[in-house]
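Notes for the one structure printed next.
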Amino acid sequence: MNSLNKILMIIFALFFLIPVSYGQTAKEIIDKADKKMQGNSSKSEMTMRIVRPDWTREIGIKGWALDKEYSLMLITSPARDKGSAFLKRESEIWNWQPSIDRVIKLPPSMMMQSWMGSDFTNDDLVKESSIVRDYKHTLEGDTTINDRDAWKIVLIPYEDAAVVWGKIEAYISKEDYLQLLFRYYDEDDFLVNTMILSDIKEIGGRVIPTHLEVIPAENPDHKTEIIYKSIDFDIDLKTNFFSIQNMKRVR
């Protein structure tokens with residue numbers, strides 16, 4: 001084989017075998033996708049549907065978020081849970097339970113516990129950890145998810161990061177940085193949850209997935225869905241909105 005053929009073979013291999021990220025790092029791809037889904041601030045209304053083999057339960061939720069440090073979630077239905085709220089303010093997470101007139105501070109040990117009886121954890125809903133800041137990102141290849149060309153990116157937590165997952169696999173669409181699929185693993189590399197994002201459409205002036213579905217690996221006949229009804233991005237929110245006092249009175 002002459003030198004020219006060797007060079008052509010190397011170019012061919014590089015072009016077809018190495019994931020093409022258009023000059024971006026894996027972290028930049030994750031950051032763009034995360035910002036597209038979250039915005040700098042937001043207000044949303046959603047329905048959470050918990051599906052089990054013998055029953056289904058729906059919970060109405062209003063949510064407010066500012067950057068990565070502040071979020072407030074208010075339960076609007078059913079009647080027995082209406083008025084309960086969850087507040088994240090920097091590193092502190094609080095729960096207001098109006099039925100017993102009590103505010104509870106959630107310790108880090110509760111982050112992996114079920115949120116409202118769903119397949120989401122407390123960490124999933126209040127986003128104590130950051131997929132951008134707390135993990136090392138590696139571009140592992142190209143794939144197709146629901147007919148969309150996508151990057152596969154593996155996230156491994158930094159040793160000093162306060163996170164609950166041992167590894168995350170993220171699948172991000174190449175064309176428009178949509179979050180399409182996440183797989184969450186424990187510290188022993190066993191799959192725990194799969195999150196599927198679908199029903200992509202314009203909402204709040206952005207084209208994003210509006211349907212999230214979490215399926216636990218141990219109980220594949222269980223699932224929890226979140227369906228976004230409305231989202232307003234980049235709204236005027238200040239940090240003082242995210243206070244314990246406001247958590248008790250927000251509607």
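The values are calculated or read from the model by the stated rules, or taken from the named source; none is laboratory data. Treat the numbers as computed from the prediction; the structure is a model and nothing was measured. Using ideal geometry, Cβ is built from the backbone for each residue, glycine included, and neighbour counts are taken over all protein chains shown.
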Subject >> Residue check for ILE196: within 21 Å of TYR70 (Cα to Cα), aliphatic (A, V, I, L, M) and surrounded by 18 or more Cβ atoms within 10 Å (Cβ to Cβ) >> reply: no
Subject >> Unique residue being over 15 Å from the mean Cα position of the chain (by Cα) and more than 27 Å from MET112 (Cβ to Cβ) when the list is LYS248, LYS201, LYS223 >> reply: LYS201
Original post:
In the stretch 135-163, which residue that is in a strand (DSSP E or B) and of a type in the set (Phe, Trp, Tyr) is nearest to GLU187 (Cα to Cα)?
Top reply: TYR135
Original post:
GLY60 passes all but one of (1) in a strand (DSSP E or B); (2) at pLDDT below 90; which number fails?
Top reply: (2)
Subject >> Evaluation of ASP186 against (1) in contact (Cβ under 8 Å) with a residue 40 or more places away in the chain; (2) surrounded by fewer than 16 Cβ atoms within 10 Å (Cβ to Cβ); (3) in contact with a strand residue (DSSP E or B) (Cβ under 7 Å, 6 or more places away or on another chain); (4) not polar (S, T, N, Q) (one fails), failing number >> reply: (1)
**OP:** Inspect all residues belonging to the stretch 39-54 and state whether any of them is more than 20 Å from PHE233 (Cβ to Cβ) and modelled with pLDDT under 55.
**Re:** no
Original post:
Of the residues that sit in the stretch 153-179 and are closer than 14 Å to VAL214 by Cβ and at pLDDT 95 or above, which one is farthest from the chain's Cα centre (by Cα)?
Top reply: ILE168
Subject >> Among the candidates ALA217, ALA170, residue that is among the hydrophobic types (A, V, I, L, M, F, W, C) and either surrounded by fewer than 18 Cβ atoms within 10 Å (Cβ to Cβ) or without any contact (Cβ under 8 Å) to a residue 40 or more places away in the chain (or both) >> reply: ALA217
Original post:
For ALA161, all conditions in the list (1) surrounded by fewer than 16 Cβ atoms within 10 Å (Cβ to Cβ); (2) more than 25 Å from ASN40 (Cβ to Cβ); (3) of a type in the set (A, V, I, L, M, F, W, C) hold save one; what is the number of the exception?
Top reply: (2)
Subject >> Residue list for the stretch 232-251, filter: among the charged types (D, E, K, R), more than 14 Å from LYS43 (Cα to Cα) and surrounded by 11 or more Cβ atoms within 10 Å (Cβ to Cβ) >> reply: LYS248
Original post:
Of LYS201, LYS223, LYS229, which residue is of a type outside the set (Gly, Ala, Ser), modelled with pLDDT of 95 or more, exposed (fewer than 15 other Cβ atoms within 10 Å of the Cβ) and within 23 Å of MET73 (Cα to Cα)?
Top reply: LYS229
Subject >> Residue check, ASP176 at negative phi, of a type outside the set (A, V, I, L, M, F, W, C), in contact with a strand residue (DSSP E or B) (Cβ under 8 Å, 6 or more places away or on another chain) and assigned to a loop (DSSP other than H, G, I, E, B) >> reply: yes
**OP:** Report, by residue number, each residue of the stretch 173-206 that is β-branched (Val, Ile, Thr) and in contact with a Leu (Cβ under 8 Å, 6 or more places away or on another chain).
**Re:** THR194, ILE196, ILE200
**OP:** Considering (1) out of contact with any strand residue (DSSP E or B) (no Cβ under 6 Å at 6 or more places or on another chain); (2) more than 30 Å from ASP221 (Cα to Cα); (3) not β-branched (Val, Ile, Thr), say which one MET110 fails and leave the rest.
**Re:** (2)
**OP:** Specify which of the listed residues (LYS36, LYS105) is surrounded by fewer than 20 Cβ atoms within 10 Å (Cβ to Cβ), within 19 Å of GLY205 (Cβ to Cβ) and in contact with a Phe, Trp or Tyr (Cβ under 6 Å, 6 or more places away or on another chain).
**Re:** LYS36
Subject >> Answer residue from the stretch 66-102, given it is without any contact (Cβ under 8 Å) to a residue 40 or more places away in the chain and assigned to a strand (DSSP E or B) and is surrounded by the most Cβ atoms within 10 Å (Cβ to Cβ) among those >> reply: ILE93
Original post:
If you go through the stretch 225-251 one residue at a time, how many are outside any strand (DSSP E or B) and either within 18 Å of ARG206 (Cα to Cα) or not polar (S, T, N, Q) (or both)?
Top reply: 13
